Structures are given as C-alpha cells and as structure tokens.
Amino acid sequence: MLTVIGSGLLLFSACAMLYQADERRGAFDVVRKSFPVRMVLRLGACLLFAATLVLLAGLQGWERGIPVWLGVFSAVFVGGLFLAAQKPGWHGPGGAAALVLGVLFSIAGAAT
C-alpha cells in the first residue's frame, strides 16, 4: 500500500513538472525563459512516469500493474489539474513536496 501511495505522489510530481515546463503556465520566470530547464523538467517527468510504472508493475506483475498505474495516474492527473485551476501558485511547491514524500513512501514500501 505504501508503494501505491508513493507512486501516486511521484505521479503528481511528474504532472506538476509537465505543467511547470510549459512556457505559458510555468510559475517561475527562470523556467519560462529557459528552454534547457523546460526540457530537463520534461525529461524528469518522463523518468518519473517510467519509474512509477515499474514500481507498480513490480507489485502484482505487468498484467495487473499497468491498469493500476493507469488508474492512479488518471486520479492524480485530474487532482493536479483541479489544483492548478484553483490555486496555480501551489502547483510547483506541491509537486516538490510530493516528490520528497513519494520517494520516502516508495522506499518504505519497498522495505516491507
């Protein structure tokens, strides 16, 4: 269960990275004006997507892990879009906090 929670938090962080990597929606001027920083954010988001897929597929196998990943991804993405629409300034710091908590939960889930 901790792995699923950690994966959800990591997926939220990846969604926040993709949202912040857009030059029109980014909350930080440094990110909006720098193409390499936006590309690093997009690459980091893709790596987090792949890492969470591997984490969730490792729980019950690929035939059950992929639908679980799609379900968690869908729920997190809708929640992230809602947060971005209601409180745009919270999306970046929330994604950073979710990244830290997601790594901690994933490590704790893998240890058990």
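The values are calculated or read from the model by the stated rules, or taken from the named source; none is laboratory data. In this text, all values refer to a predicted model and were calculated from it rather than measured experimentally. For neighbour counting, all protein chains shown are included, and Cβ atoms are generated from backbone atoms with ideal geometry for every residue, glycine included.
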Residue within region 59-69 that is at pLDDT below 85, of a type in the set (S, T, N, Q) and either in contact with a strand residue (DSSP E or B) (Cβ under 9 Å, 6 or more places away or on another chain) or closer than 27 Å to T112 by Cα (or both) present: yes
Matching residues in region 41-58 - criterion: being out of contact with any helix residue (DSSP H, G or I) (no Cβ under 6 Å at 6 or more places or on another chain) and at pLDDT below 90: G58
Count of region 82-106 residues which are free of Cβ contacts under 8 Å to residues at least 12 places away in the same chain and surrounded by 13 or more Cβ atoms within 10 Å (Cβ to Cβ): 3
Residues located in region 61-80, provided they are without any contact (Cβ under 8 Å) to a residue 24 or more places away in the chain, in a helix (DSSP H, G or I) and loosely packed, with under 15 Cβ neighbours inside 10 Å: W62, E63, R64, I66, P67, L70, G71, S74, V78
Failed item, numbered, when R38 is tested on (1) surrounded by 13 or more Cβ atoms within 10 Å (Cβ to Cβ); (2) touching a residue at least 24 places away in the same chain (Cβ under 8 Å): (2)
Complete set of residues in region 70-98 that are at pLDDT 90 or above and aliphatic (A, V, I, L, M): L70, V72, A75, V76, V78, A97, A98
